[in-house]
Structure formats: structure tokens, C-alpha cells
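Visitor: First, the structure itself, so that you have it in front of you.
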Amino acid sequence: MDLLMRQRAVDAVELMDRPDCDARLLDNTYRQFGLVNRLLSGWRKLYVRELRPTLAKNTAPATLLDIGSGGGDLAYQLAAWARRDGLPLQVTGIDPDARAAAYARGRPPVPGVEFRQAHSADLVREGRSFDFVISNHVLHHLSAGELQQLLSDSAALAGRKVLHNDLRRSPAAYALFFAAALPFRHSYIRVDGLTSIRRSYTPAELTALAPPAWTVKPAAAFHQLLALRRN
């Protein structure tokens with residue numbers, strides 16, 4: 001296991017990313033992401049620590065961009081937490097995958113949340129800006145060059161803070177997810193989750209790739225946060 005985790009599996013491909021993957025399993029995967037993210041990704045703590053204090057100081061509605069928003073569950077969750085706290089927040093979710101964007105747009109509409117099929121570079125070219133730019137479980141999909149492009153786009157789009165939350169590669173993470181994901185059937189959650197862990201960066205690898213203004217620090221269990229703070 002240690003040998004398997006020693007190097008990043010840069011050539012591994014997640015089944016849900018294949019254009020010919022099973023549509024039913026893909027829909028189930030998007031549906032199950034909501035529970036997986038609530039249980040494992042640690043966004044409730046990130047919202048409380050990183051987003052809510054700044055939102056509370058705003059006099060106008062804040063804006064947030066969720067890059068690689070997938071099925072849209074995190075965008076909905078962040079909007080719900082802010083609404084519950086009485087803090088106006090407009091959330092835009094983007095994903096370059098037409099299937100993910102279509103699934104997210106097909107969800108019941110919620111005021112203040114919108115989805116579109118787009119790449120972060122598209123929004124940079126449009127001159128868009130947001131108070132916050134985030135992503136969840138996106139970094140491990142990227143090559144070193146693609147990661148640099150994402151960070152450049154994020155910095156251009158964010159006025160206040162960028163938060164990229166991702167997996168942290170380790171033998172323990174792989175072993176625990178191997179067992180914990182057993183209940184997630186009829187989807188790509190388990191097999192792709194294990195591939196994702198093998199493709200993820202270690203803190204040292206991520207720190208070496210990040211520009212000087214960015215910081216890498218531990219987040220939820222087996223996660224790490226790559227962040228840029230403007231003020």
C-alpha cells in the first residue's frame with residue numbers, strides 16, 4: 001500500500017470522467033455526492049471558519065463561484081447555510097462537463113443559486129469577479145500545468161478569498177475509504193473515490209506547485225486546503 005501511494009497516479013482515469021460511462025451510474029454518483037460531501041469533505045467547518053465571518057461583515061450580497069460544481073450539492077449547501085444565518089449569498093456553479101452542468105441545472109431551482117457549463121478561463125475572459133472562489137475535490141483531476149492555470153484563473157476571479165479543498169494522498173486515506181464507501185452502491189463513488197485518492201497530491205507536492213502567495217494546510221480528515229487570501 002505504501003508503494004502504491006508513493007507516487008501520484010497521474011495517468012489513472014476516473015470512470016465517471018469517461019464519455020461513454022453508464023448514464024444511470026453517473027446520475028446516481030451525482031446524487032450520492034451530496035451525502036459523501038456532507039460526511040467527508042468538511043465544508044461545514046470551512047464555511048464557519050473561512051466564509052461566515054466575512055459574509056457577516058458585508059452590507060451587500062456576497063458572490064461565490066464554485067469551480068467544478070459537479071451535481072451542484074455543495075453550491076446548494078453553502079447557499080442554505082448562508083440563508084439560515086441571514087447572510088445574503090449569490091452562488092454560481094460552473095463545470096466544463098456538459099453532463100454535470102445538465103444534472104445541476106435539472107435540480108429544483110433555489111433563489112440565489114445558478115449553474116452553467118463553463119471553464120474558469122471562460123469567466124476570466126468575460127471579466128467576471130466574485131468575492132469568493134472555491135472548489136471541492138477538483139485539484140486531483142488536474143495535471144501540474146492545469147493546476148497552475150486554475151490557480152491563475154482563481155486569483156483573477158476572486159476579490160477576497162480562494163479556497164480549494166481537496167483530498168490528501170495517503171495509505172490510511174485509501175484503506176479507510178475502501179471500507180467506508182461500501183454502502184455507496186450502483187454508482188462510481190467507491191471505485192472512483194479510490195482512484196481519486198491515488199491521483200491526489202501530498203501536502204509537499206501541492207506546496208511545491210503553489211505560487212508564493214498561496215498556503216497549504218490540513219483541512220478535514222485526509223483533506224487539505226489550498227488558499228489565497230486577499231485581505
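Visitor: In the range 183-206, what count of residues is obtained for those that are within 17 Å of Val10 (Cβ to Cβ), of a type in the set (Ser, Thr, Tyr) and touching a Lys or Arg at 6+ places or on another chain (Cβ under 9 Å)? Walk me through how you get there before you give the answer.
Guide: Keep residues of the range 183-206 that are within 17 Å of Val10 (Cβ to Cβ), which gives 192, 194-202, 204-206.
Narrowing the set further to residues that are of a type in the set (Ser, Thr, Tyr) leaves 195-196, 200-202.
Next, from what is left, pick out any that are touching a Lys or Arg at 6+ places or on another chain (Cβ under 9 Å): 200-202.
Count: 3.
Visitor: Another question about this same structure. Please specify each residue of the range 1-22 satisfying the condition of being touching a residue at least 24 places away in the same chain (Cβ under 8 Å) and either polar (S, T, N, Q) or open to solvent by less than 80 Å² (accessible area, probe 1.4 Å) (or both). Break it down stepwise before answering.
Guide: To start, the set of residues in the range 1-22 that are touching a residue at least 24 places away in the same chain (Cβ under 8 Å) comprises 1-2, 4-5, 8-10, 12-17, 21.
Those that are touching a residue at least 24 places away in the same chain (Cβ under 8 Å) and either polar (S, T, N, Q) or open to solvent by less than 80 Å² (accessible area, probe 1.4 Å) (or both): Leu4, Met5, Arg8, Ala9, Ala12, Val13, Glu14, Leu15, Met16, Asp17, Cys21.
Visitor: Does Leu157 satisfy the condition of being under 15 Å from the mean Cα position of the chain (by Cα) and surrounded by 15 or more Cβ atoms within 10 Å (Cβ to Cβ)? Spell out how you get there, then give the answer.
Guide: Numbers: under 15 Å from the mean Cα position of the chain (by Cα): no; surrounded by 15 or more Cβ atoms within 10 Å (Cβ to Cβ): yes.
Answer is no for this residue.
Visitor: Sticking with this structure for a sec: In the range 65-87, which residue that is more than 29 Å from Cys21 (Cβ to Cβ) and touching a helix residue (DSSP H, G or I) at 6+ places or on another chain (Cβ under 8 Å) is surrounded by the most Cβ atoms within 10 Å (Cβ to Cβ)?
Guide: From the range 65-87, those more than 29 Å from Cys21 (Cβ to Cβ) are 80-87; that's our starting set.
Now restrict to residues that are touching a helix residue (DSSP H, G or I) at 6+ places or on another chain (Cβ under 8 Å): 81-82, 85, 87.
Working: Trp81: 18, Ala82: 23, Asp85: 14, Leu87: 17.
Here the answer is Ala82.
Visitor: Restricting attention to helices (runs of 4 or more DSSP H) lying wholly within the range 1-116, give those where 3 or more residues are out of contact with any Cys (no Cβ under 6 Å at 6 or more places or on another chain) and farther than 25 Å from Leu151 by Cα.
Guide: Result: 2-6, 23-36, 73-84, 98-105.
Visitor: Going by what's in this entry, would Gln32 be described as open to solvent by 10 Å² or more (accessible area, probe 1.4 Å) and farther than 26 Å from Ile197 by Cα?
Guide: Considered against the rule, which asks whether it is open to solvent by 10 Å² or more (accessible area, probe 1.4 Å) and farther than 26 Å from Ile197 by Cα, Gln32 comes out as no.
Visitor: Let me ask something else. Could you tell me which of the residues Gln148, Gln90 is on the phi < 0 side of the Ramachandran plot, open to solvent by 50 Å² or more (accessible area, probe 1.4 Å), in contact (Cβ under 8 Å) with a residue 60 or more places away in the chain and not acidic (Asp, Glu)? Steps first, answer last, please.
Guide: Numbers: Gln90 fails: in contact (Cβ under 8 Å) with a residue 60 or more places away in the chain.
When all the criteria are applied, what remains is Gln148.
Visitor: Can you confirm whether Ser143 is polar (S, T, N, Q), more than 21 Å from Ser196 (Cα to Cα) and open to solvent by 10 Å² or more (accessible area, probe 1.4 Å)?
Guide: Details: polar (S, T, N, Q): yes; more than 21 Å from Ser196 (Cα to Cα): no; open to solvent by 10 Å² or more (accessible area, probe 1.4 Å): yes.
So Ser143 does not fit the description; no.
Visitor: Now for a different question. Quick one: Glu146 ticks every box in (1) in contact with a Leu (Cβ under 7 Å, 6 or more places away or on another chain); (2) in a helix (DSSP H, G or I) bar one, so which box is it?
Guide: (1)
Visitor: In the range 160-172, what residues are under 22 Å from Met5 (Cβ atoms) and either among the basic types (Lys, Arg) or surrounded by fewer than 22 Cβ atoms within 10 Å (Cβ to Cβ) (or both)? Spell out how you get there, then give the answer.
Guide: Of the range 160-172, the ones under 22 Å from Met5 (Cβ atoms) are 164-172.
Residues satisfying the conditions are Arg168, Arg169, Ser170, Pro171, Ala172.
Visitor: In the list Leu167, Leu163, Leu139, Leu123, which residue meets the criterion of being farther than 19 Å from Asn37 by Cβ and in contact with a helix residue (DSSP H, G or I) (Cβ under 7 Å, 6 or more places away or on another chain)? It would help to see each step written out before you state the result.
Guide: Details: Leu167 fails: farther than 19 Å from Asn37 by Cβ; Leu163 fails: farther than 19 Å from Asn37 by Cβ; Leu139 fails: farther than 19 Å from Asn37 by Cβ.
None of the others qualify; the one that does is Leu123.
Visitor: Evaluate the range 188-210: report whether one residue or more is touching a Pro at 6+ places or on another chain (Cβ under 6 Å) and crowded, with 19+ Cβ neighbours inside 10 Å. Spell out how you get there, then give the answer.
Guide: Initially, the range 188-210 is screened for residues touching a Pro at 6+ places or on another chain (Cβ under 6 Å), giving none.
Within the range 188-210, not a single residue is touching a Pro at 6+ places or on another chain (Cβ under 6 Å) and crowded, with 19+ Cβ neighbours inside 10 Å.
Visitor: State all residues of the range 96-107 that are within 18 Å of the chain's Cα centre (by Cα) and either surrounded by fewer than 19 Cβ atoms within 10 Å (Cβ to Cβ) or under 17 Å from Gln32 (Cβ atoms) (or both); if no residue qualifies, say none. If you could, list the steps in order and put the result at the bottom.
Guide: As a first pass, look at the range 96-107 and keep what is within 18 Å of the chain's Cα centre (by Cα): 96-105.
Matches in the range 96-107: Pro96, Asp97, Ala98, Arg99, Ala100, Ala102, Tyr103, Ala104, Arg105.
The values are calculated or read from the model by the stated rules, or taken from the named source; none is laboratory data. Computed from a prediction, not measured in an experiment: that's the story for all the values here. Glycine gets a Cβ as well: all are built from the backbone with ideal geometry, and neighbour counts include every protein chain shown. Ligands, DNA and RNA are stripped out before the accessible areas are found, and what is left, the full protein with its side chains, is counted by its heavy atoms. Shrake-Rupley method; radii C 1.70, N 1.55, O 1.52, S 1.80 Å.
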